[in-house]
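Below is one structure, written out as structure tokens; comments come after it.
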Amino acid sequence: MDDRIVEIQTGENVRANLISLVAQIKEDKQFPKETKEALEALLPELLESEDAKIRKNTAKLMGYCQNEEFARLLVEAYLREKTLFVRSTYLEALTKYPLAPFAARLSEEKKRLLELPETPENRKHRNEELNALTILLKEQTPGSHEFTREPVLVHALLLADDGARELLYQTLQVPKKRMLAPGVMVQTQQPWELFSSRLFKEILFFIPGISELPSDPVQAARAASASGLLKFLDRLHTGSGAYAYRVSLRGVPEEKKRAFLVNFSGELLRCTQMRLINLPGNYEVELRLIAKKEGGFRVLLKCMRLVDSRFAYRKETIAASIHPVDAAVCMELAAPYLKEGAQVLEPFCGVGTMLVERSKRVPMGTAYAVDTFGEAIEKARGNLRRAGVRCNLIHRNFLDFRHDYLFDEVITNLPYAVRVEDMAHIEHLYRAFFPKAAGHLKENGILAIYTRDAELCASLAQASGFSICLKKRIQERDAADWMIFRKTRKEDEKR
């Protein structure tokens, strides 16, 4: 038998052994059968220990055991527990059990907590309990809202990277718009129509009556509750009842996030009379709080019920996949150089994102997509099918690719070096790629590449008979550029 169990049976190092067992179950997700059976015999008595930390860790282990007889013991222990830092642990353990027989008693306790006068001593633990009880009591779980289809005046921020912001501003078909550092701010009465543009990553709404929140979580929750937040949510949605939300904290150290979220969400639950419930696993709206250098938070709202189906085709990805918005931005920039009905070749197709976005911007003719990675080819097959793009997929190294006729366009997201030791291999690949691509292109054909090594690519392209038409930084973070070249002289290299 496990030595820790033996020591617990004899009353030795009980707290330390329980802590060790909790750590093990967190890592292994299960106990050996003999250990579990021995524990189940010991835990009910340990739940009545005078040591609060023993009770706390006993409750955790009872949750892991998932012994249905423990549900009643945990509920009773919770209701009689006086030590504040232990109480929410019982509730966390109870998430593993059916609670229908105890729902009424837990609901009464939640009502008592909501009416409990707040003090600096009880605030944190009360809020932890309120959050845990909200998750436990399934009848309080919201989720019955839909985004309205009626006109509603909103001010929205369309998030776009630096390389896309000006292009987004120029192409947006809305009368009132303004460029900001994170993207483009617009005013509209039909927010769903904003998805006609493929050049931004998210829609965030400015909340009427509030643009900033204080740094203190309780004061921040009270300010959010006193603002027009709930009325705004009701204007944006059909349906009734509470809203499930999550908080996204940006610019806050990880070690400070939990304490802030516990106090903020507990206070917001109380102040809104349970109309805003923190359910990060099943939320309808996101409150995005962005820390300011001078203190406090900027606050924006994301509505998950405003469905973005622009890239619904892209259900399969790999680690090296280009973001579909970045691909759409590339194709918008390339539009003056693209030919309707063009014969298109994609040498490193990945999951097909570049080809789909190429097809959506200017309809193309026959397309060939090549990749050495078999998993990527299969994922591309599904993505292209969902997008309605016909394409010949070939599982092969592009340098070994052969074809009977020349193409109008070669378009690709070039592989890049993730590690320093990969750089020599990537440079060797690039040196072979450009003459190979030239050999597959018609005279005046277009080569369009997304690359993280623009200087090397420009040099190699020129040596292979290309002249540069466009160079645009798309992602500052990755130093990724979109480059368009035209084949200007005939190459003798074999394809």
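What follows draws every value from the coordinates through simple rules; no lab data is involved. It should be emphasised that the depicted structure is a prediction, and the values quoted were computed from it without experimental measurement. With ideal geometry, Cβ positions are generated from the backbone for all residues, glycine too; neighbour counts draw on all protein chains shown.
List of remarks:
- Net +/- balance of residues flanking Glu109 in space, Cβ distance below 10 Å, scoring K and R +1, D and E -1: +3
- Charged neighbours of His237, selected by a Cβ distance under 10 Å, balance to -1 (K, R count +1; D, E count -1).
- Binning the C-alpha pair distances of the chain at 20 Å intervals from 0 yields a P(r) profile of 19, 37, 32, 12, 0 %, listed from the shortest bin outward.
- Each residue of region 151-158 was assigned a 3J(HN,Hα) from its phi angle through the Karplus expression (A = 6.51, B = -1.76, C = 1.60, θ = phi - 60°), giving x, 8, 6, 9, 10, 10, 10, 9 Hz with x at Gly and Pro.
- Only Cα pairs under 8 Å and 6+ residues apart enter the sum, and on that basis the relative contact order of region 324-487 stands at 20 percent.
- Calculated FRET efficiency, Thr488 to Trp192, Cβ-Cβ distance, R0 = 30 Å: about 0.10 to the nearest 0.05.
- In this structure, the amide hydrogen of Val370, modeled 1.01 Å from its nitrogen in the peptide plane, lies closer than 5 angstrom to those of Glu346, Phe348, Cys349, Ile394, counting only residues at least 5 positions away or on a different chain.
- For the residue pairs Lys26/Lys111; Lys360/Lys487; Lys53/Lys302; Lys29/Lys293, the C-alpha atoms sit more than 30 angstrom apart in Lys26/Lys111; Lys53/Lys302; Lys29/Lys293.
- Under the Debye formula (equal points on every Cα, no solvent term), log10 I(q)/I(0) of region 324-487 at q = 0.18, 0.21 Å⁻¹: -1.16, -1.66
- Residues Asp3, Asp51, Asp216, Asp481, arranged from fewest to most other Cβ atoms within 10 angstrom of their Cβ, appear as Asp3, Asp51, Asp216, Asp481.
- In the distance distribution for region 378-452, Cα-Cα pairs more than 15 Å apart total 66 percent.
- Modelled spin labels at Gln273 and Met423, positioned 7 Å past Cα toward Cβ, are 6.4 nm from each other.
- Between the beta carbons of Glu7 and Thr95, assuming R0 = 35 Å, the FRET efficiency works out to 0.75 to the nearest 0.05.
- Among beta bridges from DSSP that stay inside region 324-487, the antiparallel ones total about 50%.
- Mean Cβ count within 10 Å, highest first, over the residues of peptides 277-284, 341-348: 341-348, 277-284
- Across the chain, the relative contact order, built from alpha-carbon pairs under 8 Å that are at least six residues apart, equals 9 percent.
- Burial order of peptide ranges 32-42, 363-373 (average beta-carbon count within 10 Å, highest first): 363-373, 32-42
- Net length available on complete extension from Glu340 to Thr366 is 8.3 nm, with 0.36 nm assigned per residue and the Cα-Cα distance removed.
- For a label point 7 Å along the Cα-to-beta-carbon line of Lys293, residues of region 239-271 with backbone N under 20 Å: 250-253
- Amide H contacts under 5 Å for Glu202, placed H, 5+ residues apart: Leu159
- Nonlocal amide H pairs with His155, under 5 Å, H built at 1.01 Å: Phe206
- Gyration tensor verdict on region 3-140 (Cα atoms; rounded if a/c is under 1.5, prolate if a/b is larger than b/c, oblate otherwise): prolate
- For the pair Gln30 and Arg396 in one chain, pulling the backbone fully straight at 0.36 nm per residue adds 127.3 nm over the alpha carbon distance.
- Rounded if a/c under 1.5, otherwise prolate or oblate - region 141-308, Cα gyration tensor axes: oblate
- Spin-label pair Ser240-Glu150: with each label point 7 Å from Cα along the Cα-Cβ axis, the two points sit 1.5 nm from one another.
- Spacing of the modelled spin labels on Ser467 and Lys256, each 7 Å from Cα toward Cβ, amounts to 5.6 nm.
- DSSP H segments from the chain that extend 24 Å or more along their own axis, Cα-based, with Kyte-Doolittle mean of -0.5 or above: 254-271, 423-439
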